[in-house]
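Scroll down for the structure; my scribbles are underneath it.
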Amino acid sequence: MLSAAVGQLARAVKVRLHAYPISRSFHRGHTLNAGHSKWQNIRHVKALNDGRKAVLFIKLARQIRFAVQAGGPNPGVNNVLRAVIDEALKKNMPNATIQGILKKCSTQSAELKKYTLEIKALDQVNVICVLYTDRFTQLKMEMATILRKNFALFIDTMHGFDEKGFIEAIPPAEVQTEHLLSVCTDHAIDTGAEDIEVMDENNRLIRFLCDPRDLDKVKKELEKLNYNVEHCDHAFFPKSTVKLNPDAMQVYEKLKEKLKAMEGVEDIYDNVEAAP
């Protein structure tokens, strides 16, 4: 039954390639140039973007396990699991691999839990590290060793970020491209979103930003308006950014690579200014 459900999802998936984000202001009639959006400088470091299939599949397996733990192994009734499997199929994870992960979930007794660690690197970089793990104490000790060797430490940095929920979705076909921003802005207001970005004008991909507590509500309201929701999640956006010199950037990138390679590290956010 599960195999049939996952197979059906696989046949339904269509891969869309998203171009570099084009930012737009939420406020009607006022458009910002690309690179000047409040949200443009986010440094949301995900394994999904680094092109490393092994790391990507490990992360997707962890997300599947977390979804099964929360709502059961049947994607027909577990919407979170269905969304994760959709994402895995889009990233070319084989059907057999997904089935193997689902089967393994039924034999694992230890529960994954979500944790957030705050880090200061090079005395100026604020970092938020999100973990999904069943071995938090050991993982934190291992991370502390890496931080000490790379000019970083655990310290409160949450004050430097805004936590936002976001939904990436494609509007219904009747919304014409020339009216995309205007219509989606109206829909953002109607659904309770706080801001929007046009992520890809050609593929009509829109990102709606909202209070994290309103994420499910905004998602459901968009679906009622016949939006095709591609992805939704929480993210941390820096309130301000810092620009590192080349030497400092090299040191920080080395640290970031080490953190990303740790088992259980899900997302890394920082306040480093994105390269132009």
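The values are calculated or read from the model by the stated rules, or taken from the named source; none is laboratory data. All of these numbers come straight from a predicted model, not from anything done at the bench. Cβ coordinates were reconstructed from backbone atoms using ideal geometry, including for glycine residues, and neighbour counts include every protein chain displayed.
One table, with the values for the structure above:
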read-out	value
Flag if E111 is farther than 23 Å from F208 by Cα, at pLDDT below 90 and surrounded by fewer than 17 Cβ atoms within 10 Å (Cβ to Cβ)	yes
Residue within the stretch 104-123 that is assigned to a helix (DSSP H, G or I) and out of contact with any strand residue (DSSP E or B) (no Cβ under 6 Å at 6 or more places or on another chain) present	yes
Set E197, E266: member being touching a strand residue (DSSP E or B) at 6+ places or on another chain (Cβ under 9 Å), modelled with pLDDT under 95 and either farther than 30 Å from R135 by Cβ or β-branched (V, I, T) (or both)	E197
Among the residues listed as A144, A169, A152, A188, the single one being hydrophobic (A, V, I, L, M, F, W, C) and without any contact (Cβ under 8 Å) to a residue 40 or more places away in the chain	A144
